[in-house]
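Read the structure below first, then the notes.
Taken together, the values in this text are just the output of simple stated rules run on the coordinates, not laboratory data. Only a predicted model underlies this, so the values are computations on that prediction, with no experimental measurement involved. Heads up, the Cβs are rebuilt from the backbone with ideal geometry, glycines too, and the neighbour counts pull from every protein chain shown.
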Amino acid sequence: MEGVYIKPVAGVRGEIRVPGDKSISHRAALFGGMAKGETQITNFLLGQDCLSTLRCLQQLGVAWDRQGNEVWLQGQGMGAWQEPTDVLDAGNSGTTFRLMLGVLAGCPFSVTLSGDASLRSRPMKRVTDPLKQMGAAILGRSGGNLAPITMSGGKLQGRAFRTEVASAQVKSALLLAGLRAEGETSVQEPALSRDHTERMLKGFGVEVQCAETFVKIQGGGQLSGQKVSVPGDISSAAFFLVLGSLAKRGEILLPEVGINPTRTGILDVLRTMGADIQLLESSELCGEPRATLRVQPSKLKGIEISGAMIPRLIDEIPILALAASFAEGETVIRDAAELRVKETDRIRTVAEGLKALGAQVEELPDGLRIFGQPSLQGGKASSFGDHRLAMTWAVAGMLSKEGVSVENMSAADVSYPEFLEVIRKAAV
Ligand code: S3P
């Protein structure tokens, strides 16, 4: 396949409005579909992943309408959801798949969920096992671990869970099942994962009790339709934060980016590495904080990233690894074995791609060791169909000596369809 060539740039400039947050867009659509009354979502992400969530809702009988990135859902409550006549296709989206499983566990009908080849290889036991314990009947390949997965939902019993990995998808699926269950459902996580579900459920009128890494919900809560304004996605902004830090000159402004503390690990780590990132004009809307970010070039130094920091920047590790390959000294990323079960095995694919471009990287069982160098040669790299890799290699092209030809660049459509156009415009 012919790659998309990204040439080196002298500098960067511009004000870039990154698209709506992917995690928040999924939840706004899903909760709008579960609620009674109209939900209006502005700045909804039109990436393939969130469109998968909307399509699944349609198959379940939820009426919605869309104009540009505004979405209206006419929720009639969960009781109105209908048994779909075909398989629900979550595409590439783990969030669609796992959150849907949680909601459908409480629905009195049968449903089969599937997705693309990447999603069909990702572990689902972490959700299906606890849902079985709550009372759902679930069948799937590999003992219910791999999609396609068929579920017959219905009467659920609330339970107390202690999860092994910090995962917002697992936590959210269990809370959403807990909402339809009898009694109380709680989740104790090993470290705090993103808390958009908890915040948004409160916005939709459901009581959720949170204390650090513990969260609890009572069965029987009803959601009522809301207006949701989705902030810009910090995971999409991350590509420009690294580009703006490592470019030779210029400045990038990123207005209205979500800065929920469970997602801002990228800001903390880049700043500790020496990045010049300023937070301007912060505000809070619909329970989620946002700010304008300004980034200017600076020298970066290597860092160790591990422990509770990992869930706060899990999706940004590919672009952070690129930043580390330009930083002075060594960067070590540990406790990130979760990367092996993302859209690709991101420990392997990031290491392979960076090496192909001339970086010095070592794969660790649970992370990466990166030896920074003053420059990156460039060459060819594949996204392996993983959106975050496609965008990482495009940034690498701009920062490299001879540019990068990115194979399967269109994978970026999953979370940022206009990325290529936008990043090319930022070059000066
Ligand atoms: C997400 C949670 C994270 C993240 C994913 C989106 C969410 O996954 O990597 O991109 O919206 O809940 P895990 O729950 O598997 O950690």
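Quote the FRET efficiency, to the nearest 0.05, computed for Arg348 versus Leu139 with a Förster distance R0 of 30 Å and r equal to the Cβ-Cβ distance. Present the calculation step by step, with values, prior to reporting the outcome.
Details: r = 30 Å, r/R0 = 1.01.
Computed FRET efficiency for Arg348 and Leu139 comes out at 0.50.
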Q) Quick one: net charge of Asp195's neighbours, Cβ under 12 Å, K/R +1, D/E -1? A) +3
(Q) Using amide H atoms built in the peptide plane, which far-off residues or other-chain residues are under 5 Å from Leu376 H to H? (A) Lys401
Q. By how many nm would the segment from Glu15 to Gln188 grow when fully extended, if each residue of separation counts as 0.36 nm and the alpha-carbon distance is taken off?
A. 58.3 nm
Q. Which residue, Pro231, Pro289, Pro297, tops the fluctuation ranking in a GNM of the chain built on C-alpha contacts under 10 Å?
A. Pro289
**Q.** Karplus 3J(HN,Hα) series, Hz, for segment 261-270 with 6.51 cos²θ - 1.76 cosθ + 1.60 (x for Gly, Pro)
**A.** x, 7, 10, 9, x, 4, 5, 4, 6, 4
Q: Take the alpha carbon atoms of segment 255-311, find their center, do the same for segment 59-121, and report the distance between the two centers in whole angstrom.
A: 32 Å
Q. Of Ala321, Ala211, Ala136, which has the largest mean-square fluctuation in a 10 Å C-alpha GNM of the chain?
A. Ala211
**Q.** Listed peptides 402-413, 330-341 by packing density, highest first (mean Cβ within 10 Å)
**A.** 402-413, 330-341
Q | Length-normalised contact order of the chain in % [C-alpha pairs under 8 Å, at least 6 apart] | A | 18 percent
Q: Find how much the distance from Gln296 to Glu418 grows on full extension, using 0.36 nm per residue of separation minus their present alpha carbon separation; answer in nm with one decimal.
A: 41.6 nm
(Q) What distance in nm separates the two pseudo spin-label positions at Lys380 and Gln58, each 7 Å out from Cα along the beta-carbon direction? (A) 3.8 nm
Q: Express in whole angstrom the spacing between the alpha-carbon centres of segment 354-375 and segment 24-47.
A: 39 Å
Q. If you add up the charges near Leu119, with Lys and Arg at +1 and Asp and Glu at -1, over every other residue whose beta carbon is less than 13 angstrom from its beta carbon, what do you get?
A. 0
Q) Is segment 228-335 best put as rounded, prolate or oblate by its Cα gyration tensor, with a ≥ b ≥ c the root eigenvalues, rounded for a/c under 1.5, and otherwise prolate when a/b is larger than b/c, oblate when not? A) oblate
Q: Would you mind getting me the FRET efficiency between Phe371 and Ala80? Use the beta-carbon distance for r and R0 = 56 Å, nearest 0.05.
A: 0.50
Q: Quick one: angle between helix 94-104 and the longest Cα principal axis of the chain, in degrees between 0 and 90, rounded to 10, please.
A: 10 degrees
Q: Output the relative contact order of segment 263-327, whole-number percent, from Cα pairs under 8 angstrom with separation of 6+ residues.
A: 38 percent
Q) Rounded, prolate or oblate: which one fits segment 56-160, using the alpha carbon gyration tensor with axes a ≥ b ≥ c (rounded when a/c is under 1.5, else prolate when a/b beats b/c, else oblate)? A) oblate
Q) What share of the DSSP beta bridges in the chain is antiparallel, in percent to the nearest 5? A) 70 percent
Q) So what is the relative contact order of segment 22-229, in percent, for Cα pairs below 8 Å that sit 6 or more residues apart? A) 21 percent
Q: For Gln40 and Glu164, calculate 0.36 nm times their separation in residues minus their Cα-Cα distance, and state this gained length in nm to one decimal.
A: 41.1 nm
Q | Within the chain, helix-based [θ] at 222 nm, where runs of 4 or more DSSP H residues each add -39,500 (n - 2.57), nearest 500 | A | -9000 deg cm²/dmol
Q: Mind giving me the FRET efficiency for Glu212 and Lys425? R0 is 35 Å, r the Cβ-Cβ distance, nearest 0.05 is fine.
A: 0.25
**Q.** Amide H within-cut-off set for Arg122, under 5 Å, with H built and near neighbours excluded
**A.** Ala147
Q: Please list, in chain and number order, the residues 5+ apart from Lys227 or on another chain whose amide H is under 5 Å from its amide H, with Hs placed from the backbone.
A: Gln40
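How would you classify segment 280-428 from its alpha-carbon gyration tensor, with a ≥ b ≥ c the square roots of the eigenvalues: rounded for a/c under 1.5, else prolate if a/b is greater than b/c, otherwise oblate?
Here segment 280-428 falls in the rounded category.
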Q: Report the percentage of all Cα-Cα pairs in segment 356-397 whose separation exceeds 12 Å, rounded to a whole percent.
A: 66 percent
Q) Taking the alpha-carbon set of the chain, what are its Rg and Dmax in Å? A) 20.9, 61
Q: Step through the residues of segment 276-290 one at a time and calculate ³J(HN,Hα) from phi using the Karplus curve (6.51 cos²θ - 1.76 cosθ + 1.60, θ = phi - 60°), rounding each to whole Hz and writing x for Gly and Pro.
A: 9, 10, 10, 9, 10, 6, 8, 8, 10, 9, 6, x, 10, x, 9
Q: Please express the Cα-Cα pair-distance distribution P(r) of segment 22-229 as a list of whole percents, one per 5 Å bin, running from 0 to the bin with the greatest distance.
A: 1, 8, 17, 22, 23, 17, 9, 2, 0
Q: Only residues of segment 118-160 count here: report those whose backbone N is under 12 Å from the spot 7 Å along Cα→Cβ of Phe109, or say none.
A: 153
